[in-house]
1. Can you tell me which condition V286 does not meet? The list is (1) closer than 20 Å to A387 by Cβ; (2) open to solvent by less than 40 Å² (accessible area, probe 1.4 Å); (3) not basic (K, R), and all the others hold.
2. Mind counting the residues in region 108-127 that are modelled with pLDDT under 80 and within 16 Å of the chain's Cα centre (by Cα)?
3. Among (1) open to solvent by less than 10 Å² (accessible area, probe 1.4 Å); (2) over 29 Å from A3 (Cα atoms), which single condition is T161 missing?
4. Please specify each residue of region 203-221 satisfying the condition of being within 17 Å of Q398 (Cβ to Cβ), modelled with pLDDT under 80 and in a helix (DSSP H, G or I).
5. Please return the ranges of helices (runs of 4 or more DSSP H) entirely within region 341-421 where 2 or more residues are modelled with pLDDT of 85 or more and within 20 Å of the chain's Cα centre (by Cα).
6. Which residue is modelled with the lowest pLDDT, if the candidates are limited to region 227-257 and must be of a type in the set (S, T, Y), open to solvent by less than 50 Å² (accessible area, probe 1.4 Å) and part of a helix (DSSP H, G or I)?
7. Can you tell me which residue within region 82-95, out of those that are in contact with a helix residue (DSSP H, G or I) (Cβ under 6 Å, 6 or more places away or on another chain) and surrounded by fewer than 20 Cβ atoms within 10 Å (Cβ to Cβ), is farthest from M338 (Cα to Cα)?
8. Among the residues of region 28-43, is any modelled with pLDDT under 80, more than 29 Å from V120 (Cβ to Cβ) and touching a Phe, Trp or Tyr at 6+ places or on another chain (Cβ under 7 Å)?
Amino acid sequence: MGAAMRRIHVGNALSAFGLGFTVPYLYVYVAQVRGLGAVTAGLVLAVFAVAALVVLPFAGRAIVRRGPLPVLLAALVTAALGALSLGLAGNATAVLLSAAALGAGQAVMQPALATMIVDVSTAETRSRAFAMQFFLQNLGLGVGGLIGGHLVDTTRVSSFTLLFAIEAAMFLLLVVVMATVRMPHSPRIGDAPASAKGGWKQLLGNRAMVQLCVLGFVLFFACYGQFESGLSAYGVEAAGISTSALGTALAANTAMIVVAQFAVLKFVERRRRSRVIAAVGLIWAVAWVAAGYAGLGHGSQEMATAAFVSTYALFGLGEAMLSPTVAPLVADLAPSGMAGQYNSAFALVKQLALAVGPAVGGPMGAALHAPYIVTFFLFSLGITVLALRLGRHLTPEQNQPALAKSRVVATGATAPARVHA
């Protein structure tokens, strides 16, 4: 890794660490510690999603016109102000406004950092770079959540104020770190490519990218959108999973990602991306079968718990396979200078799925146990079908970047030697 890539990865780890500090405790903080009730706490979580949906359509154009680094720095400052204000907010209006600022800043960080990775990587190194990003994000979230859990005390508002202050400090520290990154190029308003002027129209005309966005929505809807909503509700209501076992399942998911990420990377790098994604659909289908056994089978409680934990571990394996596959594919589908637009569009699709997923899966997981399992089992099989269809619209190099590298090597090996006088 070059110096720029190292700093970008440090930035990913710090931002995830800061988020892990507070995100798991937002509901408790607003509803109980500030005494604003469950409705306000629910609105805060909704505001995060709405803020992301509002700013992401504009973030891509800003990244194309001004470059990812200035946009990232603005997002970090906005998130820092939002986090600090949230820790000091004492009424519902202040809490909601602070959450909007924090949510908007967090949302813009994702495509900005992804575009920076694209700019400082090559087609050969991109998969490994995004795998490292995903690894550090999960590690940062896990460590941040662990430390944050030991700092908070629901009887003391000051402990939560300290928590949000630390998160704000992480974002400001990240401003300092990222300000030292030297990007290969930094587009400005006058340098934006002609295609950027009709960015969304051009993107919607890219059939492969549209299909990838549809596939991405199903991926995030059927997995990430269920982790802390439908699947956890199903585990508690149908499988009788205790809160401690639910925590173990989440830990198994993170552990699988941390342990398997780079072992999986070696397997994924030389295979067609569409087939890797299709394989993830099959793995997740098996995960939903395990979840079905946990809640609908007639085994012992120990077997049900083991099956439920296995579900989260299998989801983690699929996530480890997707991290070096999907994000680099978004970058490879983007025309020159348009990576920011494409990354923002895909981030927007992700946010939509994460907003719709809990709204659909939560009630189903809590009350309609068998239909819930069948529905998301079929969604997982749908991932496989959509991935294979996407493969037909990708060039060989987009689907399997290793081919381009091998062709270059082969061309060099067969080239006639020059004769020097």
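The values are calculated or read from the model by the stated rules, or taken from the named source; none is laboratory data. The structure presented is a predicted model; accordingly, all values stated were derived computationally and were not measured. All Cβ positions, glycine included, derive from the backbone under ideal geometry; neighbour counts span all protein chains shown. Just so you know, the surface numbers come from the protein's heavy atoms only, side chains and all, with ligands and any DNA or RNA stripped out. Shrake-Rupley method; radii C 1.70, N 1.55, O 1.52, S 1.80 Å.
1. Only one criterion in (1) closer than 20 Å to A387 by Cβ; (2) open to solvent by less than 40 Å² (accessible area, probe 1.4 Å); (3) not basic (K, R) is unmet by V286, namely (2).
2. Number of matching residues: 1.
3. Among (1) open to solvent by less than 10 Å² (accessible area, probe 1.4 Å); (2) over 29 Å from A3 (Cα atoms), the lone unmet condition for T161 is (1).
4. L203
5. Values: elements: 369-391, 396-399, 402-414.
So the answer is 369-391.
6. Taking region 227-257 and keeping what is of a type in the set (S, T, Y), we get 229, 232, 234, 242-244, 248, 254.
Right, trim to open to solvent by less than 50 Å² (accessible area, probe 1.4 Å) and you get 229, 232, 234, 254.
Imposing the further condition that a residue be part of a helix (DSSP H, G or I) reduces the set to 232, 234, 254.
On the way: S232: 77, Y234: 83, T254: 81.
Selected residue: S232.
7. A92
8. yes
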